[in-house]
Amino acid sequence: MRAATGTTGQGGGGVRGQGGGGVRGAAALLFGRRVRLRWLHLVLGGALLMPYMLVAAVGVGPLFPREPLLFGSVPFLLSCYAVAVPLAALTALFPLARPLAAGVVRALCGVPGERLAEGPARSWAGRGRASAWYALHLGVGAVLSGMLLATPPFAVVLIVLPLFPGLRDSRLGLPELFVDSWGSALAPVAGLALLVALAACAAGAAALLARCAPALLGPTPADRLARAEARAADLAVRNRLARELHDSVGHALSAVTLQAGAARRVLDSDPGFVREALAAIEDTTRRTVGELDAVLGLLRTGGDATASPAPTLADGLDGLLSRTRAAGLTVTAEVEGDLEALPALVGREGYRIVQEGLSNALRHGDGAPATLQLALAEGELRVSLTNPCTAPGQPRADGGRGLRGIEERARLLGGTARAGAADGTWTLDVRLPVEARP
């Protein structure tokens, strides 16, 4: 019996808890913080419609010669309302109307920012949606504002009617239902019901506007395309700068590491070689710091993505070969054609491609000699770099950035790039059209 009683008590407590939670949930739906902010949004819409109502009253006034300008009959107010809402929609066709409306919706209605468009409307479709939203916001807000002005005073009169019987005989125009004694006794219940109904109407209208906001203020296909193009352009700039950093800094670190290691091994036996290695390290780091500073300058200033701090093949190939040989790699270079005739962009990209190829030979060639061939003929620059590869390793899961960078450079210029090992030889073959554009 005690167990049964305990269960019953728990059940009663659960029912009471659920009932209390239900009341709190209903109160939150009608008077929660988000709902209050949405009410404010609706009242703001009603206030914004007032100037349009005054303009409409001036236009509609001749049709109602005996009506006052500010407060008139219901037909007069409805006529002004019918003119004011389309007039407000016309003023919202300006491109800046959408970001202003979206900002207010984001702040007061709780709509996530990613579901709303950013910036002015770029098309007439976007302007039309913004205009429809503005008309909906102001139209519904005006109706709700009128209800908020009229309903609470009437509800308060009904609630206090049993306490002040004299109100039944006043000129308030109360319905006959509340004049007799039984009706006045039920008046407080009707007053509370009116307040709850007003809160429910306001919450429902606010929720409806919040649901319509993404459809009317959300991005149009033109906005999505513009956003995708902006992201693609930003990604292209980032990839460009990443390639510059990888090629310049990566090559320099590879050369400096090999030179420092060679100098450490012969530090006591060959001081002359150590001095040459240190001089080469100094020259390499000085040049790399200059290139790094140029790349960081592009990052800070948002410079042209096609700009590059690299020299061209015409003025930088000899220095690149000298530094690579000083790092310990034997390189045989063969040049056919006049590299001075290369366009600056092709010359810079060709320099970076050769630099990355030599860096790979330094890092992975085990000291084997490399052969570099540059041929400019028939409107095409061909870069071929080969070196023995006795045991080619598997590509790293997080590596291969250099080869991807070479492929991207060639593709952006309309060329091709192939790299791989065959018959014990690693071959890098790149072809760049001379007249290509990025």
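Taking only the stretch 256-269 into account, find how many residues are at pLDDT 75 or above and closer than 22 Å to L403 by Cα.
Matching residues across the stretch 256-269 total 2.
Can you tell me which residues in the stretch 101-119 are open to solvent by 60 Å² or more (accessible area, probe 1.4 Å), within 25 Å of A230 (Cα to Cα) and modelled with pLDDT of 85 or more?
R106, R115
Counting just the residues of the stretch 249-297 that are within 15 Å of A326 (Cβ to Cβ) and assigned to a loop (DSSP other than H, G, I, E, B), which one comes out most open to solvent (accessible area, probe 1.4 Å)?
Of everything passing the filter in the stretch 249-297, D270 is most open to solvent (accessible area, probe 1.4 Å).
Since L163 meets every condition but one in (1) open to solvent by 60 Å² or more (accessible area, probe 1.4 Å); (2) over 30 Å from the mean Cα position of the chain (by Cα); (3) modelled with pLDDT of 90 or more; (4) not small (G, A, S), which condition does it not meet?
Unmet for L163, out of (1) open to solvent by 60 Å² or more (accessible area, probe 1.4 Å); (2) over 30 Å from the mean Cα position of the chain (by Cα); (3) modelled with pLDDT of 90 or more; (4) not small (G, A, S): (3).
Limited to the stretch 213-225, what total is found for residues that are crowded, with 16+ Cβ neighbours inside 10 Å, of a type outside the set (D, E, K, R) and in a helix (DSSP H, G or I)?
Within the stretch 213-225, residues that are crowded, with 16+ Cβ neighbours inside 10 Å, of a type outside the set (D, E, K, R) and in a helix (DSSP H, G or I) number 4.
So A117 clears everything in (1) farther than 26 Å from M50 by Cβ; (2) among the hydrophobic types (A, V, I, L, M, F, W, C); (3) out of contact with any helix residue (DSSP H, G or I) (no Cβ under 6 Å at 6 or more places or on another chain) except one condition, right? Which one?
(3)
Return the residues of the stretch 33-62 that are farther than 21 Å from Y134 by Cβ and of a type outside the set (V, I, T); say none if nothing qualifies.
Passing the criteria: R33, R34, R36, G61, P62.
Evaluate the following for F154: is it hydrophobic (A, V, I, L, M, F, W, C), open to solvent by 60 Å² or more (accessible area, probe 1.4 Å) and touching a residue at least 24 places away in the same chain (Cβ under 8 Å)?
In short, yes.
From R127, R122, grab the single residue that is of a type in the set (D, E, K, R) and either touching a Ser or Thr at 6+ places or on another chain (Cβ under 7 Å) or part of a helix (DSSP H, G or I) (or both).
Result of the check over R127, R122: R127.
The values are calculated or read from the model by the stated rules, or taken from the named source; none is laboratory data. All values reported here derive from a predicted model rather than from experimental measurement. Heads up, the Cβs are rebuilt from the backbone with ideal geometry, glycines too, and the neighbour counts pull from every protein chain shown. Keep in mind that these areas ignore ligands, DNA and RNA; they rest on the heavy atoms of the full protein, side chains included. Shrake-Rupley method; radii C 1.70, N 1.55, O 1.52, S 1.80 Å.
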